């Protein structure tokens, strides 16, 4: 057995005992220190930068030499993914740690949804007759004879029934989901009936604990998707399974399940609901997340023609997935996917916005690393997916971060720059909405040209204040615009950041254009654009229009709808009818594949420019 | 880690490395040396007697002192269950080893059954279209779209579908059982379709490999039920689970599954059929065996009111049971039980004999440790179970053994004794049918009185030959009648053996009487008695009538029907209609509980006597 050494991670002071030779990134993961390793541990994103305080590590890598100056290396700067532990070690994380709790509850939900609570779970209290020599009916049959004869029993439950019936003196509550007897409880427990809706994001997993009797969400919780250690986006996760043919897929499956378990624990702890009273869960996510959850290889989606392993809805017991906290017989339903990059999360958005039933012509967009776009008009419902890139989530931006304390979320510029920072603390970086704001303002003021280039101060419009002009810095390789200068550091957006945003907005805009062209729809015909997700909650319609992300429509027609995907998962949890609607959706939807579409390439090339069309 | 020592078992020369301190009985079990430990390792049955040839063991136990003389102990006689291993040891087994292969194929089957092969398994060959950017249907959906939309996929299979489809170039055969897609195979494999019917006996497990296209049984195999190490009969097995609350049930569950796996291996090896081509299995057994298979406690059946944990049919995947050889998604169906001591094996007998549909009045009996009795007359169908005891299977008889090489199976007595021995070898012991023969002959000749007592030679009828008379031996405690005297040993039946047989036949006869009384039926109204099982195959109607096991009817109305239970399992495997009939049977049957029935006690007391009524 290998010798063990101790690694201590500051500032959280988390400790872990690991075998000598393990990489620091793995050690951090084991210790529960979540690192946003965007590149999947290849040393290219620099997001896992840290400082060695004590102990010794394997040698400096070429990736580190590229990233750090000689002085920085001497000061002990390292990348966690590049170093292996040789002895007891103390490390200070310098990267933005992903907090464990990042879910922002939906706000600004456009839709006041009402639907009937009509769950597939039924609980029935039975006062069974006590067996006697004249009534030798078997224990299980004594219970099932109260139901239709088609009911099947969960085998693990069956093992408990004989002792349970006697303990309960034959006064029991049965729990049936569809045609499965999944639980039997002592006494009358019919008033306790819960379910959980999960939204499995590439970055974080949100869960909603729902009282299935009155349909109320009684708690929500989230956790960072533990798969993050193997790459920040779906493409790196697919690559990880491909590069680790032995066990890579299994490992990612286990990590997402552990994340689900973590969310379950939080939900139960916060509410005091017993795990035995949770009978069913629904799950949504993008198609790759769905595949990783089921342990099905997503490799078919990596290259054309982008074929998923499955699309239709799957259901079974949580023990089949490996969930450990809930009772094994708890039922799960994974909602259907539409295509390789239009997952059940989009099905959730359509369900929650009722996009397929709205009168008129509506766009719905859910922008993360991928932009999922749906366009409904009359009886037609089109979807597409477009590689929005990481800019909208603040990743791959030099000082990008998610919308958490220290992130610049809003930027106004007049005589000088005015910032809104999450938590009202000193700015540490900038999130997607802050970037969009800043670029929109700089475009409006002429600091950025329509091709995206940052002007030299002397090229800027004359009416621009000196305070603003002085924030423009030119270096040999790059230009940048400084938003904040503090004692120790500054926060700026670089020319490269603007290019990343251009690529992202170009892809989304081109996707929208293509769907609209498909249905011959002009911008003025759009009744509204529904913007789902956290991105939608923080955006300012004027900035979004300013950078040309959306077709030019009146600002008040751009409507954030909150976490519509999660809402869809809750609806499918509470209502058989809504679940059926979700299952029927993929057949109704016309999916447009953009990746090899020539019209798309042309639109994309055009949409990269900030020139308003 | 404990030190390991080697134990060698002669005459089979099987070796096993075990930790110091393990009991020899466990070691024998681990080594695959099957010991018929009737008492479940308590030192009371003496069936695990052996001789220590080399090495040293823990001290002589009080059970051994009771069983062996001082001289025998000095010679090294031991009970395997009473001794622990202290160093490398060599042991010679003296008890009858149960051979690994004990199943005798059904013979003398009365019924020429014809039924339509109508299996729930369907195989379909598909030439699927190859995906393209214009046809992005997911892999699973591409297959399932060829079927009804209700089909569900096995999750383990789902993981393999993406790579399989590509490897097979989209030419695949799907396997659907009911509404479950359980397999997908490369190319066209529609002509290969197999299933296995299992008959789980308390003593041995038989399996029949069936070609489900033409309905032919292509191989049968059996193995000793490995649970035997924890007791020979269902009562000792129940006791074992009760005495070993931690893990006893789990251990018995595992042992029967290992036995099933052993049978599967034999069937596949004998036929060359690939395990991937076996899609469904049916299982029958007595109610206790069914419970142990499912891991459900049988304790409710140990005492009045004798309530089973379940009675209805159960189905699922073999991986739920823990079977290891067959593919995990292979479906299983465990046929329904009727009552605590009338199991799915009786359902199989009724199915195979079509007892519920025969015109007239028929008895069916299946005699093992328990006698299961069914009486059909008109629209009524009654069953009961009676504790036949071990005598009919040759257990608890001083020199009892099963019908295997060395067993006396037939006995004729005229001027002297004439024996028929399995394998035509020197007699080693006597099996159930031999015992019945011998007792019937000795009753006929007046050597045994109608109360069961062996007469002294001088009390015997004068016409009895001296050769026969001289075989009567009287000791202080016991009398016996010697059937065979060899160089080394003799084979005899003792007064105690006759008493055991009287108890057994009394119980069966009383059960029959009670059912007949319930329907007001006299012996002369019986159209026939169908005798199922191995017992039926070897019996001689005149001997059976001679000891008064059955009501007095003409000899040609006593009809052996072979392993009807196994035939029933095959029918349920091959035909959905027959399976449905099996599932409907328990509702039709009127079960008569004998255990606390006063009429039964009176009948039983009377039926112990050999006096013809």
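The values are calculated or read from the model by the stated rules, or taken from the named source; none is laboratory data. Computed from a predicted model, the values in this text were never measured in an experiment. Backbone-built Cβ (ideal geometry, glycine too); neighbour counts: all protein chains shown.
Worth a mention:
- Summed over the range B:382-396, residues that are modelled with pLDDT of 85 or more and either on the phi > 0 side of the Ramachandran plot or crowded, with 21+ Cβ neighbours inside 10 Å (or both) total 4.
- Within the range B:321-346, the only residue that satisfies the criterion of being closer than 16 Å to residue B:198 by Cα and facing chain A (nearest Cβ under 8 Å) is B:337.
- Selected residue (criterion: modelled with the lowest pLDDT) from residues of the range A:48-70 that are within 11 Å of residue A:89 (Cβ to Cβ) and buried (at least 16 other Cβ atoms within 10 Å of the Cβ): A:50
- Among the residues making up the range B:128-143, a single one is under 24 Å from residue B:318 (Cα atoms) and either within 7 Å of chain A (Cβ to nearest Cβ) or exposed (fewer than 15 other Cβ atoms within 10 Å of the Cβ) (or both): B:140.
- Against the conditions (1) over 15 Å from the mean Cα position of the chain (by Cα); (2) at pLDDT below 95; (3) more than 29 Å from residue A:579 (Cβ to Cβ), residue A:171 satisfies every one except (2).
- Any chance residue B:426 is more than 22 Å from residue B:606 (Cα to Cα) and either touching a strand residue (DSSP E or B) at 6+ places or on another chain (Cβ under 9 Å) or surrounded by 14 or more Cβ atoms within 10 Å (Cβ to Cβ) (or both): yes
- Scan the range B:24-47 for residues that are buried (at least 20 other Cβ atoms within 10 Å of the Cβ) and at pLDDT 80 or above and the total you get is 4.
- Every condition in (1) touching a residue at least 40 places away in the same chain (Cβ under 8 Å); (2) farther than 30 Å from residue B:374 by Cα is met by residue B:332 except one, and the failing one is (2).
- Looking only at residues in the range A:444-459 that are in contact with a helix residue (DSSP H, G or I) (Cβ under 8 Å, 6 or more places away or on another chain) and outside any loop (DSSP other than H, G, I, E, B), the one that is surrounded by the fewest Cβ atoms within 10 Å (Cβ to Cβ) is A:444.
- Looking across the range B:383-402, the residues that are closer than 13 Å to residue B:436 by Cα and in a loop (DSSP other than H, G, I, E, B) come down to B:394, B:397.
- Matching entry among A:420, A:441, A:415, A:426 (being in contact with a helix residue (DSSP H, G or I) (Cβ under 9 Å, 6 or more places away or on another chain), assigned to a loop (DSSP other than H, G, I, E, B) and not assigned by TED's automatic domain parsing to the domain that holds residue A:288): A:415
- Among the residues of the range B:148-164, the ones that are more than 10 Å from chain A (Cβ to nearest Cβ) and free of Cβ contacts under 8 Å to residues at least 40 places away in the same chain come to 3 in all.
- Restricting B:599, B:546 to those that are surrounded by fewer than 20 Cβ atoms within 10 Å (Cβ to Cβ) and either within 26 Å of residue B:306 (Cβ to Cβ) or under 22 Å from the mean Cα position of the chain (by Cα) (or both) reduces the list to B:599.
- If you go through the range A:168-188 and keep only what is surrounded by fewer than 19 Cβ atoms within 10 Å (Cβ to Cβ) and within 13 Å of another protein chain (Cβ to nearest Cβ), you end up with A:170, A:178, A:179, A:180.
Residue by residue, here is whether (1) outside the structural domain of residue A:397 (by TED's automatic domain parsing); (2) under 17 Å from residue A:400 (Cα atoms); (3) out of contact with any strand residue (DSSP E or B) (no Cβ under 9 Å at 6 or more places or on another chain) holds:
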{"site": "A:460", "(1), (2), (3)": "no, no, no"}
{"site": "A:466", "(1), (2), (3)": "no, no, yes"}
{"site": "A:469", "(1), (2), (3)": "no, no, yes"}
{"site": "A:472", "(1), (2), (3)": "no, no, no"}
{"site": "A:477", "(1), (2), (3)": "no, no, yes"}
{"site": "A:487", "(1), (2), (3)": "yes, no, yes"}
{"site": "A:493", "(1), (2), (3)": "yes, yes, no"}
{"site": "A:504", "(1), (2), (3)": "yes, yes, no"}
{"site": "A:510", "(1), (2), (3)": "yes, no, no"}
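- Residue within the range B:254-264 that is at the interface with another protein chain (Cβ under 10 Å from one of its Cβ atoms), crowded, with 21+ Cβ neighbours inside 10 Å and either touching a residue at least 40 places away in the same chain (Cβ under 8 Å) or assigned to a loop (DSSP other than H, G, I, E, B) (or both) present: no
- Residue in the range B:313-327 that is touching a helix residue (DSSP H, G or I) at 6+ places or on another chain (Cβ under 6 Å) and within 28 Å of residue B:560 (Cα to Cα) present: yes
- The residues of the range A:290-320 that are free of Cβ contacts under 8 Å to residues at least 60 places away in the same chain, facing chain B (nearest Cβ under 10 Å) and part of a helix (DSSP H, G or I), listed by number, are A:291, A:294, A:300, A:320.
- Within the range A:278-289, considering residues that are touching a helix residue (DSSP H, G or I) at 6+ places or on another chain (Cβ under 6 Å) and outside any strand (DSSP E or B), the one surrounded by the most Cβ atoms within 10 Å (Cβ to Cβ): A:286
- Yes/no for residue B:217 being in the same structural domain as residue B:254 (by TED's automatic domain parsing), on the phi < 0 side of the Ramachandran plot, over 17 Å from the mean Cα position of the chain (by Cα) and surrounded by fewer than 22 Cβ atoms within 10 Å (Cβ to Cβ): yes
- Considering only residues in the range A:347-364 that are assigned to a loop (DSSP other than H, G, I, E, B) and touching a strand residue (DSSP E or B) at 6+ places or on another chain (Cβ under 7 Å), the one that is farthest from the other protein chains (Cβ to nearest Cβ) turns out to be A:358.
- If you filter the range B:587-609 down to residues that are touching a helix residue (DSSP H, G or I) at 6+ places or on another chain (Cβ under 7 Å) and outside any loop (DSSP other than H, G, I, E, B), you find that the one that is farthest from the other protein chains (Cβ to nearest Cβ) is B:607.
- Among residues of the range A:135-154, those that are closer than 16 Å to residue B:586 by Cα and assigned to a loop (DSSP other than H, G, I, E, B), counted: 6
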